[in-house]
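Below is one structure, written out as structure tokens; comments come after it.
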Amino acid sequence: MATLVSLDALTSKLREIHHLRDAAAVLSWDQETYMPPRSGAIRAEQLATLQTLAHNQFVSTDIESLLTSFLDIETGIILPEQQTSLDEPTHALLRETWRDFSRAKKLPSSFVNELERECSLAQQVWAEARKTNDFQRFLPNLERLVGLKRQEADYLGYTDSPYNALLDTYEPGSTVAQLRPLFAELRTHLIRLLDQIRNSPVQPNTSLLTQSFDTTKQVDFGRLVLKHMGYDFQRGRLDLSAHPFTTSFHPTDVRVTTRVFDADLPSCLFSCIHEGGHGLYEQGLPSKYYGTPLSEAISLGIHESQSRLWENSVGRSKAFWQYFYPKLQEIFPAQLGGVQADEFYFAINRVAPSFIRVEADELTYNLHIMVRFEIELDVIEGRVQVEELPEIWNAKIQEYLGITPPNDAEGVLQDVHWSFGAFGYFPTYTLGNLYAAMLFHQAKKDIPTLEKTIGEGNFLPLKNWLNDQVHQWGRQYSASELIQRVTGQALTPEPFIQDLEEKFGNLYQFSTQPHSQNPS
Ligand code: ZN
């Protein structure tokens, strides 16, 4: 009886805290979509108040004493007398709540305040520095932030590298020791493929994507694709924002955004599909556990796997366009009426080195991530100084992509992440790509008619499979447990590399060589 009462007390307390966080999330969504231009200062105060309230309630003695009736608050180990009476989801709920609680408790509130202040300041300075292409202006802020993040790692504790503590925030369980060989293997294949693509005599005509396309019609088409994906507009919305994102206040209120440019057809389209993948994950989390970790995404890598699976494995596939291309031609007859489906398919799958990560293709995107990972690691482990970053950045982009950024705005200053202290975040993008390919390969095995149904515009078998295999579990499993459970394998780049070889081998007409060529 006591157990039931305190579990109820714990979950309703957690729900209350989530109400505060979700109210803050509504304000943030509004800030990015509809807020008038001069409301920024007061909105920042409103957000800070709600977030501080939520944080204080979470690290309160209330939560601590409720947790203490189930587990040892120092180690997180479930008390022996509770071991047998709790079911598996409750175990996971307590384990994950304790994880969040103990991490939050390790950071002194004075430190949290200082970090938050520094981040909000640094973001404004970064935006100006990028606009004026002036790294020196951002340098003192970035130096302070790096210092604070190293301090944060010390507070949180780590083995091997302080970077592990930061990585663990976004991708629990992931480590430098795991990423290094994984990225090295991936890199070898990406560089080889990129060479073959660059040397290919056939190249796509991408000018067909930069004609003038009515922006209202583009957004309508994005909405149509979202509906087909099974994104529920009774529990969600699509709006415009400068940077596309997905936010959720509950599985019954999940909002996605896109952006739209007259002379850039892929931007709006693939943003809709990408954010739609994130949105389906959030709509698929179990409402009955709302407020607890069992109604939250596992990690950023798994979240990104959902968006990338839809964007790349589905949205850039032949089957997808078999159904949607005639519809798109109907909407834009003057622009696409005379363009063959194959020509369009090649254009949206173009691979070419570029300076800006967010505009990079499926293949070179991961090289951008590796550059950031290596730089972050060197900075956080103290091997390089922040002032050296522009030079190091340019050298690495040259080494990985064979091009040199013309300026820092298109180089080291391009991403917002470091300005809000997000070190250890970038690797989750590539992890997402690898998980996506693994999951899609498994979906094809489990649903033999998958390609056929996609070609008919019916994505529900895939959506339902993802609901069952990934979404419904919340944080009951870790990323590695989930991927092992679903695919029977540990994380591997193989399916991803295989997909790239197959697709780009066909498009750019090079023979996909076997990985090893041992003369026998
Ligand atoms: Zn994403």
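The values are calculated or read from the model by the stated rules, or taken from the named source; none is laboratory data. Given the structure is predicted, the values throughout are model-derived calculations rather than measurements. As a convention, Cβ positions derive from the backbone with ideal geometry for all residues, glycine included, and neighbour counts pool all protein chains shown.
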ask   = Taking only pairs six or more apart or across chains, which ones have beta-carbon atoms under 8 Å, a first residue in the range 299-312 that is at negative phi, and a second residue that is among the acidic types (Asp, Glu) and near the ligand (Cβ under 10 Å from one of its atoms)?
value = SER307/GLU275
key: Residue that is more than 14 Å from the chain's Cα centre (by Cα) and either within 16 Å of the ligand (Cβ to nearest atom) or surrounded by 18 or more Cβ atoms within 10 Å (Cβ to Cβ) (or both), where the choices are PRO326, PRO333, PRO293   = PRO293
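Yes or no: TRP310 within 23 Å of LYS503 (Cα to Cα) and either within 12 Å of the ligand (Cβ to nearest atom) or at pLDDT below 95 (or both)?
Yes; evaluated as a whole, the condition is true for this residue.
Here is a list: LEU121, LEU194. Which entry is of a type in the set (A, V, I, L, M, F, W, C) and under 30 Å from ASP342 (Cα atoms)? Give the derivation first.
Values: LEU121 fails: under 30 Å from ASP342 (Cα atoms).
Answer to the selection: LEU194.
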request  = Just give me the residues in the range 188-229 being under 23 Å from SER267 (Cβ atoms), outside any helix (DSSP H, G or I) and either in contact with a helix residue (DSSP H, G or I) (Cβ under 8 Å, 6 or more places away or on another chain) or of a type outside the set (Asp, Glu) (or both), in sequence order.
outcome  = GLN203, PRO204, ASN205, GLN211, SER212, PHE213
ask   = Can you name the number of the only condition in (1) touching a residue at least 60 places away in the same chain (Cβ under 8 Å); (2) hydrophobic (A, V, I, L, M, F, W, C); (3) within 12 Å of the ligand (Cβ to nearest atom) that VAL256 fails?
value = (1)
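How about the range 218-267: which of its residues are charged (D, E, K, R) and over 28 Å from SER207 (Cβ atoms)?
Keep residues of the range 218-267 that are charged (D, E, K, R), which gives 220, 223, 227, 232, 235, 237, 239, 253, 255, 259, 262, 264.
Across the range 218-267, the qualifying residues are LYS227, ASP232, ARG235, ARG237, ASP239, ASP253, ARG255.
One residue is enough: does the range 363-384 have a residue meeting the conditions away from the ligand (no atom under 16 Å from the Cβ) and free of Cβ contacts under 8 Å to residues at least 12 places away in the same chain?
Residues of the range 363-384 that are away from the ligand (no atom under 16 Å from the Cβ), as a first pass: 363-364, 367, 370-371, 373-384.
Those left that are additionally free of Cβ contacts under 8 Å to residues at least 12 places away in the same chain: 383-384.
Yes, because at least one residue in the range 363-384 is away from the ligand (no atom under 16 Å from the Cβ) and free of Cβ contacts under 8 Å to residues at least 12 places away in the same chain.
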remark   = Residues of the range 227-252 being surrounded by fewer than 17 Cβ atoms within 10 Å (Cβ to Cβ), under 23 Å from VAL314 (Cα atoms) and within 16 Å of the ligand (Cβ to nearest atom), in sequence order, are HIS243
task = Answer yes or no as to whether HIS274 is within 16 Å of the ligand (Cβ to nearest atom) and modelled with pLDDT under 95.
result = no
ask   = When you look at ASN394, is it away from the ligand (no atom under 16 Å from the Cβ), in the same structural domain as ILE273 (by TED's automatic domain parsing) and touching a Pro at 6+ places or on another chain (Cβ under 6 Å), yes or no?
value = yes
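Would it be correct to say that ARG103 is of a type outside the set (A, V, I, L, M), surrounded by 18 or more Cβ atoms within 10 Å (Cβ to Cβ) and at pLDDT 90 or above?
For ARG103, the condition - of a type outside the set (A, V, I, L, M), surrounded by 18 or more Cβ atoms within 10 Å (Cβ to Cβ) and at pLDDT 90 or above - is not met.
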task = Confirm whether LEU53 is part of a helix (DSSP H, G or I), over 24 Å from the mean Cα position of the chain (by Cα) and of a type in the set (A, V, I, L, M).
result = yes
ASN458 more than 20 Å from the chain's Cα centre (by Cα) and in a loop (DSSP other than H, G, I, E, B) = yes
request  = Determine which member of the set LEU139, LEU148 is in contact (Cβ under 8 Å) with a residue 60 or more places away in the chain, hydrophobic (A, V, I, L, M, F, W, C) and over 19 Å from VAL412 (Cα atoms).
outcome  = LEU148
Lone unmet requirement of (1) surrounded by fewer than 21 Cβ atoms within 10 Å (Cβ to Cβ); (2) of a type in the set (Asp, Glu); (3) more than 27 Å from LEU294 (Cα to Cα) for GLU376 = (1)
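Here's the yes/no breakdown for (1) of a type in the set (Val, Ile, Thr); (2) in the same structural domain as SER317 (by TED's automatic domain parsing); (3) not in a loop (DSSP other than H, G, I, E, B):
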{"residue": "ASN433", "(1), (2), (3)": "no, yes, yes"}
{"residue": "HIS441", "(1), (2), (3)": "no, yes, yes"}
{"residue": "LYS445", "(1), (2), (3)": "no, yes, yes"}
{"residue": "LEU462", "(1), (2), (3)": "no, yes, yes"}
{"residue": "GLN476", "(1), (2), (3)": "no, yes, no"}
{"residue": "GLU481", "(1), (2), (3)": "no, yes, yes"}
{"residue": "VAL486", "(1), (2), (3)": "yes, yes, yes"}
{"residue": "ASP499", "(1), (2), (3)": "no, yes, yes"}
task = Could you pull out every one of the helices (runs of 4 or more DSSP H) wholly within the range 62-168 that has 2 or more residues that are aromatic (Phe, Trp, Tyr) and not assigned by TED's automatic domain parsing to the domain that holds ARG475?
result = 88-106, 109-132, 135-156
